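S.K.: Have a look at this one.
Read the figures in this text as sums done on the coordinates, not as results from a lab. If you're wondering where the values come from, they're calculated on a predicted model, not measured in any experiment. Here the Cβ positions follow ideal geometry from the backbone for every residue, glycine too, while neighbour counts run over all protein chains shown.
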Amino acid sequence: MLARTRTFAIQGIDAVPVDVEIDIHRGLPAFSLVGLPDPAVRESRERVRAAIVNSGFEFPLKRITASLAPADLRKAGPGFDLAIAAAILCASEQIPVEPLELWWLAGELALDGSIRSLPGVLAMAERAALSGSGIAVAAANAGEAGLVEGAVVASLRSLSDLAALARGELEPLPPAPPSVPPAAVDLPDMADLRGQAALRNALEVAAAGGHGLLVTGPPGAGKSLAARRLPSILPPLTRAEAIEVTRIASVAGRPPPDGTLCGRPFRAPHHTISPAGLVGGGSPPRAGEITLAHRGVLFLDELGEFGRTALEALRQPLEEGFVTIARARGTVTMPARFQIVAAANPCPCGHGEDSPRCRCRPDQIRAFEARLSGALADRFDLSIAVDQPTAEELAGDPGESSAAIAARVAEARERAASRLGPGRANASMTEPELTLHAEPDDEGSEALAAGHASFGLSGRGWSRVLKVARTCADLDGSDAVGRRHIDRALSMRRRTKE
Amino acid sequence: MSRGACPSCLSRALLLSGLAAHIEKSVDGRAGERARDLLALSDEELAAAVAPNRAGQALGKARDRAAHDTVLAALEATGCWSTCPHAPSFPAAFAALGASGPRALFGAGARIGLTTLDPGRAATIVGSRRAGPYGREVAHELARLLAGAGIDVISGMALGVDSAAHEGALAGGGRTVAILGAGAERPYPRSRRHLYERIRTGGMAISELPPGSPTFRWMFPARNRLMAALAEVTVVVEAAERSGSLITAEMAIESGRQVGAVPGPVNSWRSSGCNKLLAEGAAVIRDARDVLELLLGPGASMTVEGGRNLDEREREALEAVEGGAATAGAVAVATGLESGMVQAALGALERAGYVRSGPTGRYSRTALGHPG
């Protein structure tokens, strides 16, 4: 007897349909599984056998062949358990076949027949909704699947529920009301950053224009503290963006609590991370930190310590907003549109060359600076130096809260979007757009020309200064880019040899 | 082509090069004095003192090589010249060193310049290899303005103050002379090779040692005596208490020259050597004018550069940077100004040349004078 059920495999952050075919023949009892299964999939056989028996069904003592199609796609993980068990029950005529043809099935089986949750269910539910069929998942996954508009979701606690579904005795869940992305209230607040006016300012400019920011300063200056507060001043995600982020989190096995949506992610990989860990890789291809940071912030602490290959791998995604991982069987593309913030010490000992406490040798300092300036030199529109906060600053009033800053940022972003198009920020301006929107007024142009000799900036360097000046003008509510905005942008420029 | 160094002086130079390792062993710690004493000895005495078992061999070898023109061929190949006290082009300034003066000199750059080296129109600028932004800035500006006033800038092409001084002199359109511890035909340290090339064009690189000499530590304080002798004034810009540049200052005093020092923050280890010199009576050097007064007598004037006028906020921000604030945040705290205004002020100040920012974005004051 032959039976077939449908399920999904996760590739990158997408759900790919997989057919489970079961063939049961007379012969010596055996259970073989084909379709490039990984060890977890091979172990499905044990889980399925125990689950079926413990749910009160019969496990056919015949020759069983399971095929997971397409045959040349590597299968990984325990997510096929449910579909395999269902197909066996159908093939052995213990549950009716036709009703299950309307359902995608996804879940891991426990030995007692109960159904366990899986990563990536949101992606699966999206695909299911597109196909017009419903999806049956573990109860723990049902809330997540329900986030998808138009999804028909059946919540199963055990194989008995599956049988009920097949017999038409189980109703799908009612559609959930569309949920809202979480408010910024739960994020770390800028009020925690005391003093450090220039750093707060730089964060505000970075948020308003989507500019990459490099903060250089001694340990204890608050660089990491500040970076972690950037998500709280960024505008809230749109629903579509929130679904995107939640989908990625779900695939990574880190979904938010049942039925809620994620806010902007904040990722801070350690500097020992490999290129594959940073941008994605492995076989089957898995999302890297930049995809986990999609629509959010990627924070690189100790920028100079990151491996050069890892940083080079960031270049293209920073430019394009996605990453492509090529494999023999085809390419996998994953989104990676993030804002980058990095922190670095000013010299190997951390104090900075001009401090009396610095004892670094000149060659150590030069080598350190060379490493730092080679690291994504042209990706940071903003670069500022900070000191450790003084005692007065720490004892003083808390700074402005995120809510107030976020309001200004949102307004500035709106001005930019009205010029460039929805969702676009100043950092992404092309040269023609710069000419159109960021030309300084007379005073500003004078300032630029005067600065030309002093600064030795390349053409690209000047473009970056203009982008930042445009953002400063937006924050000021000014249509024109004036001398003040140019000067501010100059004081925050990235100073490297290009 | 006029005469180079005579065979006897050439042989002396080759002896120094050949016995370099032995001299290093003999010098043991007090490099300044010992090296100078050894260099005052005759060839035979020197060989006997540092390599008693091989003296005869070493002497013979040096004389052979001098006779066989191999050195001269090497000189020609690298575009270098040689001279010695027996030649008319030898700088008279070295007579001040007496018995420990150099014999053969090897050099790169326009040889004719040797005849115009006048200690009364030259200043030696030395300082720490580990100088910070302050030391480098001051050395650069001193050299630049002195060179602009027609004063030769002498230094040792080391990292830090020396390099900044050479750069400044070249930027000022004047002449600079580098006295090298190794041979004159190649840059040492190697990282200075671009500077070395420009010094060859805009001045001279001179050494007491023949091309191809190995490099030993005793050669550096040894060359310091040459630097001290070539200029009437030696200025120490930024030196810690144990800096080799203090040896140069000592040698200047012993040769009857004048010593000046640039003061620095009293809590900075970088300036502790300079401040000590000042406490012991060295002349205070605040700017190029102070150096010119030492060289040319009181009242030596020169135009001092000033920049454009500043508005109220820019002035306050500039004062904050002068007071040690190196970041926008620190300037904001010092002035109480709003951070956006501080950033704009710093950008404007940097445009106008009053401050400069390093690779990490930390600000420091340049030597550009206040307007009016």
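S.K.: Which net charge results when you count Lys and Arg as +1 and Asp and Glu as -1 among the other residues whose beta-carbon is under 9 Å from that of B:A158?
M.R.: Details: positive: B:R129, B:R192; negative: B:D162.
Residues near B:A158 contribute +1 overall.
S.K.: Calculate the tail of P(r) for chain A: the fraction of all Cα-Cα distances greater than 39 Å, expressed in %.
M.R.: The share of Cα pairs beyond 39 Å in chain A comes to 37 percent.
S.K.: Just for the Cα atoms in the stretch B:222-372, what are the lengths along the principal axes, largest first, rounded to whole Å?
M.R.: 55, 34, 26
S.K.: Over the Cα atoms of the protein assembly as shown, what is the Rg over Rh ratio if Rh follows Kirkwood?
M.R.: Details: Rg = 37.6 Å, Rh = 32.4 Å.
Dividing the radius of gyration by the Kirkwood radius yields 1.16.
S.K.: Along the Cα→Cβ direction, 7 angstrom out, place labels at B:D311 and B:I253. What is the inter-label distance in nm?
M.R.: Using points 7 Å along Cα→Cβ, the separation is 5.2 nm.
S.K.: Let me see the pair-distance distribution of the stretch A:229-288: every alpha carbon pair, 10 Å bin width, integer percents in order.
M.R.: 20, 43, 33, 5
S.K.: Give a residue-ordered list of calculated ³J(HN,Hα) values for the stretch A:389-403 (Karplus: 6.51 cos²θ - 1.76 cosθ + 1.60, θ = phi - 60°; whole Hz; x for Gly, Pro).
M.R.: Rounded to whole hertz, the list is x, 6, 4, 5, 4, 5, 7, x, 5, x, x, 4, 7, 4, 4.
S.K.: What FRET efficiency would be calculated for the residue pair A:L61, A:S160, taking the C-beta separation as r and a Förster radius of 30 Å, to the nearest 0.05?
M.R.: After rounding, the FRET efficiency stands at 0.85.
S.K.: Rg to Rh for the stretch A:100-192: what is it, with Cα atoms only and Rh by Kirkwood?
M.R.: Dividing the radius of gyration by the Kirkwood radius yields 1.11.
S.K.: Can you compute the FRET efficiency between B:R286 and A:L36 using 1/(1 + (r/R0)^6), with r the Cβ-Cβ distance and R0 = 60 Å? Round to the nearest 0.05.
M.R.: 0.15
S.K.: Considering the zone a paramagnetic label at A:T238 would reach in this model (a point 7 Å from Cα along the Cα-to-Cβ line), which residues of the stretch A:423-463 have amide N under 13 Å from it?
M.R.: So the set is A:423-425.
S.K.: Now for a different question. Along each of its three principal axes, how wide is the spread of alpha-carbon positions in the stretch B:267-352, in whole angstrom units, largest first?
M.R.: Extents along the principal axes, in whole Å: 47, 33, 16.
S.K.: List residues of the stretch A:189-217, by number, whose backbone nitrogen lies under 15 Å from a label position 7 Å along Cα→C-beta of A:L394.
M.R.: A:193-196
S.K.: Give or take rounding to whole Å, what are the principal axis extents of the alpha carbon atoms in the stretch A:263-360, in descending order?
M.R.: 58, 30, 19
S.K.: Sticking with the crude label model, points 7 Å out along Cα→Cβ, report the distance from B:S42 to A:L173 in nm, one decimal please.
M.R.: Between B:S42 and A:L173, the simple spin-label model gives 10.6 nm.
S.K.: Quick one, can you get me the convex hull of the C-alpha atoms of the stretch B:50-192 expressed as volume per residue in Å³?
M.R.: On the way: hull volume 20.8 nm³, N = 143.
Per residue, the Cα convex hull of the stretch B:50-192 comes to 145 Å³.
S.K.: Moving on. Taking the Cα atoms only, what angle lies between the long axis of helix A:44-54 and the longest principal axis of chain A, rounded to 10 degrees?
M.R.: The two axes meet at around 50 degrees.
S.K.: Mark the label point 7 Å from the Cα of A:E443 along Cα→Cβ and return the residues of the stretch B:328-372 whose backbone N is within less than 18 Å of it.
M.R.: B:338-352
S.K.: Still on this structure, please answer the following. With each label point set 7 Å from Cα along the Cα-Cβ vector, what nm distance links A:A367 and A:D112?
M.R.: Between A:A367 and A:D112, the label points sit 6.1 nm apart.
S.K.: Now, a different point. Report P(r) for the stretch A:39-163: all Cα-Cα distances, bin width 5 Å, range 0 to the bin holding the largest distance, values in whole percent.
M.R.: Calculated P(r), rounded to whole percents: 2, 12, 22, 23, 22, 13, 5, 1, 0.
S.K.: Can I ask one more? Ratio of Rg to Rh for the stretch A:192-345, alpha carbon only, Kirkwood? Don't skip to the end; give the middle numbers.
M.R.: On the way: Rg = 15.8 Å, Rh = 16.2 Å.
My calculation of the ratio gives 0.98.
S.K.: I want the local charge near B:P263. Using Cβ-Cβ distances under 14 Å, sum +1 for each Lys or Arg and -1 for each Asp or Glu among the other residues.
M.R.: -1
S.K.: Based only on the alpha carbon positions, what is the Kirkwood hydrodynamic radius of the stretch A:41-110, in angstrom? Intermediate results must be reported in sequence, preceding the final value.
M.R.: Working: mean 1/r = 0.0789 Å⁻¹.
With all distinct Cα pairs of the stretch A:41-110 included, I get 12.7 Å.
S.K.: Inverting the mean 1/r over all pairs of different Cα atoms, compute the Kirkwood radius of the stretch A:402-498 and quote it in Å.
M.R.: Details: mean 1/r = 0.0731 Å⁻¹.
Over the stretch A:402-498, the inverse of the mean reciprocal pair distance is 13.7 Å.
S.K.: Ok, one more. Please report, in cubic angstrom per residue, the volume enclosed by the convex hull of the alpha-carbon atoms of the stretch B:323-362.
M.R.: 65 Å³
S.K.: Then there's this: As a test of the formula, what do you get for chain B when each DSSP H run with n ≥ 4 contributes -39,500 (n - 2.57) and the sum is divided by the residue count, at 222 nm and rounded to the nearest 500 deg cm²/dmol?
M.R.: Helix-only estimate at 222 nm: -13500 deg cm²/dmol.
S.K.: Of all alpha-carbon pairs in the stretch A:156-230, indicate the percentage at a distance above 21 angstrom.
M.R.: 54 percent
S.K.: Could you give log10 I(q)/I(0) at q = 0.11, 0.14, 0.19, 0.22 Å⁻¹ for the stretch A:119-250, computed by the Debye formula over C-alpha point scatterers of equal weight, without solvent?
M.R.: So the normalised log intensities are -0.58, -0.74, -1.01, -1.23.
S.K.: Against the longest principal axis of chain A, how steep is helix A:197-209, in degrees 0 to 90 to the nearest 10, with axes from Cα atoms?
M.R.: Around 60 degrees separate the two axes.
S.K.: For chain B, just list the percent of Cα-Cα distances falling in each 10 Å bin from zero outward, please.
M.R.: It works out to 5, 23, 30, 21, 11, 6, 2, 0, in whole percents.
S.K.: Counting only Cα, what are the radius of gyration and maximum Cα-Cα distance Dmax of the stretch B:129-267, in Å?
M.R.: 13.9, 43
S.K.: Continuing with the same structure: Given a Förster distance of 41 angstrom, what is the FRET efficiency for A:S454 paired with A:Q316, based on the Cβ-Cβ distance and rounded to 0.05? Present the calculation step by step, with values, prior to reporting the outcome.
M.R.: Values: r = 33 Å, r/R0 = 0.81.
Efficiency computed from Cβ-Cβ geometry: 0.75.
S.K.: If you wrap a convex hull around the Cα atoms of the stretch A:414-458, how much volume per residue is inside, in Å³?
M.R.: 91 Å³
S.K.: Using Cα atoms only, what is the angle between the long axis of helix A:308-320 and the major principal axis of chain A, expressed in degrees (0 to 90) to the nearest 10?
M.R.: 90 degrees
S.K.: Distance between Cα centroids, the stretch A:109-160 to the stretch A:319-356: provide it in whole Å.
M.R.: Cα centres, the stretch A:109-160 to the stretch A:319-356: 35 Å.
S.K.: Report the net charge of residues surrounding B:A99, where surrounding means a beta-carbon distance below 10 angstrom and charges are Lys +1, Arg +1, Asp -1, Glu -1.
M.R.: Net charge around B:A99: 0.
S.K.: Same structure again: Please identify every one of the trypsin sites (Lys or Arg not before Pro) in the stretch B:208-254 that sits in a loop by DSSP and has no more than 16 other beta carbons within 10 Å of its own beta carbon.
M.R.: Passing sites in the stretch B:208-254 are B:R217, B:R242.
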